[in-house]
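The values are calculated or read from the model by the stated rules, or taken from the named source; none is laboratory data. Since the structure is predicted, the reported quantities are computational estimates derived from the model, not experimental observations. Cβ placement follows ideal geometry from the backbone for every residue including glycine, while neighbour counts extend to all protein chains displayed.
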Amino acid sequence: MRYDYAVVGGGIVGLATAHALAERHPGASIVLLEKEDGPARHQTGRNSGVIHSGIYYAPGSLKAKMCAAGVQSMMAFCDEHGLPYEQCGKVIVATAPEELPQLERLYERGLQNNLKVQKLRAEEVREYEPHVRALAGIRVPSTGIVSYRQVSAVLADLVRARGSDIRFRARVERLTPRADGYDIGTTAGDFEARVLVNCAGLHSDRVARLAGTDPRSSIVPFRGEYYELRPERRGLVRGLIYPVPNPEFPFLGVHFTRMIDGSVHAGPNAVLAFRREGYHKHDVDLRDLREVLANPGFRALARKHLREGAMEMLRSWSKASFVRSLQRLIPEVTADDIVPCAAGVRAQALTPEGKLVDDFLLIDGPNALHVCNAPSPAATSSLEIGRAIAARVPAAPRRTLPLTHQGVPA
């Protein structure tokens, strides 16, 4: 079958993109191709469910702009479709004197990003989170929680309701560019599309290369492992509690997150996964592992962050080490209070020079757009990312001019 648009990837970004394309281009034929047997099986369905405020992101970046707008559009979407969410806010706390300057920088960044942020003294932190022991903190009231699996299910229904197709178990194995689009070979048959939109997440770089476009980066999978507080200990956490992140390390640190179902998750760490969908410590894919270890950019990254990487690996294999990280925030937590729960894998783009791509990365190819880096806060920003993509690709039904090659710098 021939379509105007083919979207590869059935996570929340792919679903939001198909939804936005249908809204912007009524009457266009759209197909979404997803290799799993349902939507949101990977990053979307395994994240912490946070509606991020945008406090961490560089002012003017795509992350900052789309996250700020995404908070509002995500909550409006939930209101419209009766989905549960809660704007519970979060606290970011400094537990050591050397963290106070970075906490102040975060506060200033929040102001630069037009957020309503509040400085907290130690006693004020305890008013929000009585079990936290900190020197100072920041309150970010716009942060919320939601189930992105539920959001994705509604998006899938909306995509179908507009007459678009969703094909599950349709792994893309071949992309052949043509003057007027692409031939697409999948495990569910062959398709033709005038415009290709790549939202393949953990496999986005490979899909881009299949289409003949250089993604200018490679995906490195980082597994984030979580524990869950036992039900009788959930009272230790009221909302969301984050440490001051290390500015030299591109992850937010182990934190506490109250989920929309009332459970409380603790984590994640960030360890190299030996498989792109490696949700367990013993998951290994030799192709995936060879690609990472042969990547000079990854070797440069590993050398730069050797100490931090070793600490993350220790937390992965040692529950006692993980608990010590949690006790920096809540000293009362013990090993008996937590049990392991499902892990996730972050698809992080890495440049050949060894730099982790800090912003969303959108790269245009001939009659195509490739989302080559969309880690957190992509779920929060998904509706905005979808609208931006729909505005950027050629209009349906007959325009066939190729897109110019451009992208968002790392």
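Yes or no: residue 212 assigned to a loop (DSSP other than H, G, I, E, B) and either without any contact (Cβ under 8 Å) to a residue 12 or more places away in the chain or not assigned by TED's automatic domain parsing to the domain that holds residue 351 (or both)? Against the criterion (assigned to a loop (DSSP other than H, G, I, E, B) and either without any contact (Cβ under 8 Å) to a residue 12 or more places away in the chain or not assigned by TED's automatic domain parsing to the domain that holds residue 351 (or both)), residue 212 qualifies.
How do the pairs read when you match residues in the stretch 217-236 that are touching a residue at least 24 places away in the same chain (Cβ under 8 Å) with residues anywhere that are β-branched (Val, Ile, Thr) and assigned to a helix (DSSP H, G or I), using Cβ under 7 Å and keeping only pairs 6 or more apart or on different chains? Pairs found: 220/292. Among residues of the stretch 24-44 that are outside any loop (DSSP other than H, G, I, E, B), those with a beta-carbon under 7 Å from a residue that is surrounded by fewer than 20 Cβ atoms within 10 Å (Cβ to Cβ) and small (Gly, Ala, Ser) at least six positions away or on a different chain give the pairs 24/391.
Residue-wise test of (1) buried (at least 24 other Cβ atoms within 10 Å of the Cβ); (2) in a strand (DSSP E or B); (3) modelled with pLDDT under 95.
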position	(1), (2), (3)
197	yes, yes, no
206	no, no, no
226	no, yes, no
248	no, no, yes
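Would you say residue 292 is part of a helix (DSSP H, G or I), in contact with a helix residue (DSSP H, G or I) (Cβ under 6 Å, 6 or more places away or on another chain) and at pLDDT 95 or above? The answer is yes for residue 292. Taking the conditions (1) in a helix (DSSP H, G or I); (2) in contact (Cβ under 8 Å) with a residue 24 or more places away in the chain; (3) exposed (fewer than 13 other Cβ atoms within 10 Å of the Cβ) in turn, residue 300 satisfies each one other than (3). Consider the stretch 177-195 and keep the residues that are surrounded by 24 or more Cβ atoms within 10 Å (Cβ to Cβ) and of a type in the set (Val, Ile, Thr). The one that is farthest from residue 18 (Cα to Cα) is 184. The strands (runs of 3 or more DSSP E) falling completely within the stretch 310-385 that include 2 or more residues that are in contact with an Asp or Glu (Cβ under 7 Å, 6 or more places away or on another chain) and over 24 Å from residue 197 (Cβ atoms) map to 338-350.
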